[in-house]
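Contents: one structure, followed by commentary.
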Amino acid sequence: MKFNDKSIQLGDKYISKNDTLTLETIKFYLSSFEINYNDNSTYKEDKSYHLIDIEKPESLEFSLKSDSNKTIKSIKFNIGVDSLASVSGAMADDLDATNGMYWAWQSGFINMKIEGKSNSCKTRKNQFHFHVGGYLKPNYAMRTIEISISKPVTLSAVEMPNNELVIKVDLAKLFDQVHLSETNSIMIPGKVAMKIADESVKMFTVE
């Protein structure tokens, strides 16, 4: 996880196109992973919900066990949690309410939570809070991203210690589109949350 070319460390200062900021919380869901192969077949991960939390290094890596050795053409996933899971309520593991990513059945899961400070924010202690979520149209915050793989990659059906897909997350691509003096408190579904959700897809690339 980076900010431009710098690895993110909570509490360090980073400079976007518009603001200087520090980051204190970075958590988001990646879900519904699909691997698309050159032969046009697809592997879909079952019960595919991964909570990424920068404070939990073990959450930054996970395995997708494909059903065969094939050359990967693209990878597809959601940023956030689908409406079915949201109406089902908080569950276990990564969807457990104790992770602090569930509002209530009316609003469902928080897809992405980013918190920090910036002198641009005329708020209490210069804090900003981006809690992006919502599963009811027109405020459906989940976004889908599909990334083509430039180099052929083969993942083993059983183990993949030497074959990895690295999803790069660059928060600068989000904060470059935001003026923290104007947008600094998102705590409910709505138009501003939808705009941040739209911009969030730009953070993800595959190495």
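Looking only at residues that are in a helix (DSSP H, G or I) and modelled with pLDDT under 85 in region 79-133, which one is most open to solvent (accessible area, probe 1.4 Å)? Per the criteria, the residue is Leu84.
Annotation: Phe62 fulfils all but one of (1) part of a loop (DSSP other than H, G, I, E, B); (2) open to solvent by 20 Å² or more (accessible area, probe 1.4 Å); (3) out of contact with any His (no Cβ under 8 Å at 6 or more places or on another chain); (4) not polar (S, T, N, Q); the unmet one is (3).
Sort out which residues of region 1-37 are outside any strand (DSSP E or B), without any contact (Cβ under 8 Å) to a residue 60 or more places away in the chain and in contact with a strand residue (DSSP E or B) (Cβ under 8 Å, 6 or more places away or on another chain), and write them in order of number. Spell out how you get there, then give the answer.
So the first thing to find is which residues in region 1-37 are outside any strand (DSSP E or B), and the list is 1, 4-5, 8-12, 16-19.
Adding the requirement that they be without any contact (Cβ under 8 Å) to a residue 60 or more places away in the chain leaves 5, 9-12.
Once the filter is applied, which keeps residues that are outside any strand (DSSP E or B), without any contact (Cβ under 8 Å) to a residue 60 or more places away in the chain and in contact with a strand residue (DSSP E or B) (Cβ under 8 Å, 6 or more places away or on another chain), region 1-37 yields Leu10, Gly11, Asp12.
Among the residues of region 134-150, is there at least one that is part of a loop (DSSP other than H, G, I, E, B), farther than 25 Å from Lys44 by Cβ, in contact with a Lys or Arg (Cβ under 9 Å, 6 or more places away or on another chain) and at pLDDT 95 or above? No, region 134-150 contains no residue that is part of a loop (DSSP other than H, G, I, E, B), farther than 25 Å from Lys44 by Cβ, in contact with a Lys or Arg (Cβ under 9 Å, 6 or more places away or on another chain) and at pLDDT 95 or above.
When only residues in region 69-78 that are open to solvent by 30 Å² or more (accessible area, probe 1.4 Å) and of a type outside the set (Lys, Arg) count, which is modelled with the lowest pLDDT? In this case the residue turns out to be Asn69. Suppose the filter is in contact with a strand residue (DSSP E or B) (Cβ under 6 Å, 6 or more places away or on another chain) and modelled with pLDDT under 95; does Met187 pass it? Yes, satisfied.
Scan region 21-41 for residues that are within 21 Å of Met112 (Cα to Cα) and either open to solvent by 30 Å² or more (accessible area, probe 1.4 Å) or touching an Asp or Glu at 6+ places or on another chain (Cβ under 8 Å) (or both) and jot them down.
Restricting attention to region 21-41, the residues satisfying the condition of being within 21 Å of Met112 (Cα to Cα) are 21-34.
Once the filter is applied, which keeps residues that are within 21 Å of Met112 (Cα to Cα) and either open to solvent by 30 Å² or more (accessible area, probe 1.4 Å) or touching an Asp or Glu at 6+ places or on another chain (Cβ under 8 Å) (or both), region 21-41 yields Thr22, Leu23, Glu24, Thr25, Ile26, Lys27, Tyr29, Ser31, Ser32, Phe33, Glu34.
Residues in region 42-59 that are surrounded by fewer than 15 Cβ atoms within 10 Å (Cβ to Cβ), modelled with pLDDT of 90 or more and assigned to a loop (DSSP other than H, G, I, E, B): Glu55, Lys56.
Consider region 168-207. How many of its residues are in a loop (DSSP other than H, G, I, E, B), in contact (Cβ under 8 Å) with a residue 60 or more places away in the chain and surrounded by fewer than 17 Cβ atoms within 10 Å (Cβ to Cβ)? Don't jump to the end; show me each part of the working.
Here is the first cut: in region 168-207, the ones in a loop (DSSP other than H, G, I, E, B) are 171, 176-184, 187-190, 207.
Remaining after also requiring in contact (Cβ under 8 Å) with a residue 60 or more places away in the chain: 171, 176, 178-181, 184, 188-189.
With surrounded by fewer than 17 Cβ atoms within 10 Å (Cβ to Cβ) added as a condition, the list becomes 176, 179, 181, 188.
So the count comes out to 4.
Look at Ser7 and say whether it is under 19 Å from the mean Cα position of the chain (by Cα), surrounded by fewer than 13 Cβ atoms within 10 Å (Cβ to Cβ), among the hydroxyl-bearing types (Ser, Thr, Tyr) and within 25 Å of Gly100 (Cβ to Cβ). Judged against the criteria, Ser7 is a match.
The values are calculated or read from the model by the stated rules, or taken from the named source; none is laboratory data. What you see is a predicted model, and the numbers here were worked out from it, not measured in a lab. Cβ atoms come from the backbone with ideal geometry, glycine included; neighbour counts cover every protein chain shown. SASA here: full protein model, heavy atoms, side chains in, ligands and nucleic acids out. Shrake-Rupley method; radii C 1.70, N 1.55, O 1.52, S 1.80 Å.
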